[in-house]
Amino acid sequence: MESVTLSLPEAYDLALEVLSANGFSADHAAAIARNVAAGERDGCASHGLWRLLGIVDTLRKGKVSPDAEPQIHDQAPAIARADAGGAFSLLAYERALPLLLEKARHSGIAALAINRCVHFSALFADIEPLTEAGLVGLACTPSHAWVAPAGGTRPLFGTNPIAFGWPRRDKPPFIVDMATSAAARGEIQLHQRAGKALPEGWGIDSQGQPTTDAAEVLNGAMLTFGGHKGSALAAMVELLAGPLIGDMTSAESLAWDNGAGGLPYGGELILALDPQRFLGAQAPEQLARAETLFNAMQDQGARLPGERRFACRQQSERQGVTISRSLHDEICALRQG
Ligand code: PYC
């Protein structure tokens, strides 16, 4: 397969050029370009440069605002709210982050509800600013109804990712970022593009029969990871980042899309917890106990969540990122706007 290697600044510039040419405001284009370049850099191809195709497609379908200015509200002592106004979530999060940090430091725990946002991005990128600030973080968001509940055969839940982060002194943070479906939808779409069969257990066809054909799963239903356990977590995400924050469930998001095929629309919930406020003078001792746990995992040969991403990041910083020439050509063609 022919490929193209880009330095990290080139990857960012390409994304920025495509987004600007298609009419995204300078601030939205920069926030989105940073995110997709970071996904590619960290070896997360399903949330990397490939996403530009879906992002521009969603814009051309009129399903995302290219320039809405996020409105930030101080909702309650420990709750901030960001109204993204129908734009992608990323700029709203950037703008609301200072208020979330201030509230978490003040109260020890704070929540940010991002509402009316179109969402495509990997949640680890939303957690990292929290761990960099020494906070524990949790984030989740529904998507479109693509995933069948355990025991069912029809799509109801989104891929409903959950991310969790724990700060570590002088070490990359512990960051879990996992879809509650067996795989992200982007992974299935990338298998389809590459003409590759899916691993078993990722989805069923429109008749409810197991299949490893990506196209059939995209038309049928994806499955949750871990059967009823992933299904319960997916339902939890629907509730926390849907009705709790006054926003859409995945089924409502898909209904709102009305067959256009745009990216999911709804809300995201982000929690930030400050260990200093929970623990006071005991914080160093208790955070050291977390390190004991991480060391015990690694002593058994287990990889810490996030480890692979940070290793990829180091490699990409040295060597750049490589994508297929066909994807590069498709992305470059979008520069015509
Ligand atoms: O790839 O799972 C996914 C996804 C969620 C929202 C958009 N894409």
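The values are calculated or read from the model by the stated rules, or taken from the named source; none is laboratory data. All values derive from a computational prediction rather than experimental measurement. Cβ sites come from the backbone with ideal geometry, for glycine too, and all protein chains shown count toward neighbours. SASA here: full protein model, heavy atoms, side chains in, ligands and nucleic acids out. Shrake-Rupley method; radii C 1.70, N 1.55, O 1.52, S 1.80 Å.
Looking at this structure, is residue 170 more than 9 Å from the ligand (Cβ to nearest atom), within 30 Å of residue 292 (Cα to Cα) and outside any loop (DSSP other than H, G, I, E, B)? Judged against the criteria, residue 170 is not a match.
One line per residue, one yes/no per condition, for (1) without any contact (Cβ under 8 Å) to a residue 60 or more places away in the chain; (2) open to solvent by less than 10 Å² (accessible area, probe 1.4 Å); (3) not small (Gly, Ala, Ser):
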| position | (1), (2), (3) |
| --- | --- |
| 18 | no, yes, yes |
| 28 | no, yes, yes |
| 35 | no, no, yes |
| 41 | no, no, yes |
| 46 | no, yes, no |
| 54 | no, no, no |
| 59 | yes, no, yes |
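Scanning the stretch 109-120 turns up at least one residue that is surrounded by fewer than 19 Cβ atoms within 10 Å (Cβ to Cβ), among the hydrophobic types (A, V, I, L, M, F, W, C) and not in a loop (DSSP other than H, G, I, E, B). Taking every residue in the stretch 79-93 that is surrounded by fewer than 24 Cβ atoms within 10 Å (Cβ to Cβ) and among the aromatic types (Phe, Trp, Tyr) and pairing it with any residue that is part of a helix (DSSP H, G or I) and modelled with pLDDT of 95 or more, at least 6 positions away or on another chain, yields no pair with a Cβ-Cβ distance below 6 Å. Would it be correct to say that residue 163 is closer than 14 Å to residue 233 by Cβ, within 13 Å of the ligand (Cβ to nearest atom) and among the small types (Gly, Ala, Ser)? Judged against the criteria, residue 163 is a match. Pairs meeting the criteria (first residue in the stretch 291-308 and open to solvent by 90 Å² or more (accessible area, probe 1.4 Å), second residue at pLDDT 95 or above and not in a loop (DSSP other than H, G, I, E, B), beta carbons under 9 Å, at least 6 apart or on different chains) are 303/297.
For residue 266, the criteria (1) touching a Pro at 6+ places or on another chain (Cβ under 6 Å); (2) in a helix (DSSP H, G or I); (3) small (Gly, Ala, Ser); (4) under 29 Å from residue 43 (Cβ atoms) hold in every case but one, which is (2). If you filter the stretch 132-152 down to residues that are away from the ligand (no atom under 16 Å from the Cβ) and in a loop (DSSP other than H, G, I, E, B), you find that the one that is farthest from residue 261 (Cα to Cα) is 134.
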